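Have a look at the structure below, then the notes.
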Amino acid sequence: MKQLLSKQYVPALATATGGIALAGALAIGVSAAQNDDAPQRYEAAAVHKDLPGKSAAKKRRPEKALLTGKTTASFFWDDGSGINGDTGAPAGGKPMQKGLFASPSWPLHTKVKVSYNGRSVTGFVGDRGPGEPSHRGVMLDLDTYTFRYLLDGKKPASKYNAGSDEGHLKGVKYEVVKWGSGAGTKGAPKPL
């Protein structure tokens, strides 16, 4: 009888132990892959379905905003090429990319969610700007792709041209999700 019981429970024990090890390995891999400064979002890996009391995937809580407000936003694409009079590579040290915004005062690498017309994009402050327009209330410069997506859900004509007559979006909602560790000042945006 003892032999029968041990043979019966060994496969179940091996399955449970292997599932726990797999779930742990997935959690470690997801944790190592995450970078809080990057604009991309990483979703939690699904846990092993055979584990009792565990759901197929963990739900992520929405991030609480540290600062919210509305502003007028413009667009830019400064990659150091000199096209359209750009001023060079972004000040934050990361290459120009989708989801890279410019703020006249916020700390570099601050994570920001912008919303307009029912569409939202989460990105990060990677550059300084807009320059003189910030004295007229234009407190965010969005990459061309984000600007056009917020405007009408489409793609720009090119990375340098939004492909629209709109040069500004008035009433863009911003939510600071995480302050960056780079140079700048926390709090309401201030002109350059």
>> For the range 59-164, which chymotrypsin sites (Phe, Trp or Tyr not before Pro) pass both filters: DSSP loop (anything but H, G, I, E, B) and at most 12 other C-beta atoms within 10 Å?
In response: none
> From Cα coordinates alone, what are the radius of gyration and Dmax values for the range 67-178 in angstrom?
Replying inline: 12.5, 34
>> Given points 7 Å out from each Cα along the Cα-Cβ axis, report the LEU192 to LEU66 separation in nanometres with one decimal.
In response: 2.3
> Among the listed pairs LYS159/LYS186; LYS98/LYS186; LYS155/LYS186; LYS64/LYS155, which are separated by more than 27 Å between their Cα atoms?
Replying inline: LYS159/LYS186; LYS155/LYS186; LYS64/LYS155
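Bear in mind these aren't lab numbers, they're just calculated from the coordinates by the rules spelled out. The model shown is predicted, which means the values in this text are computed figures rather than measured ones. Note: ideal-geometry Cβ built from the backbone for every residue, glycine included; neighbour counts use all protein chains shown.
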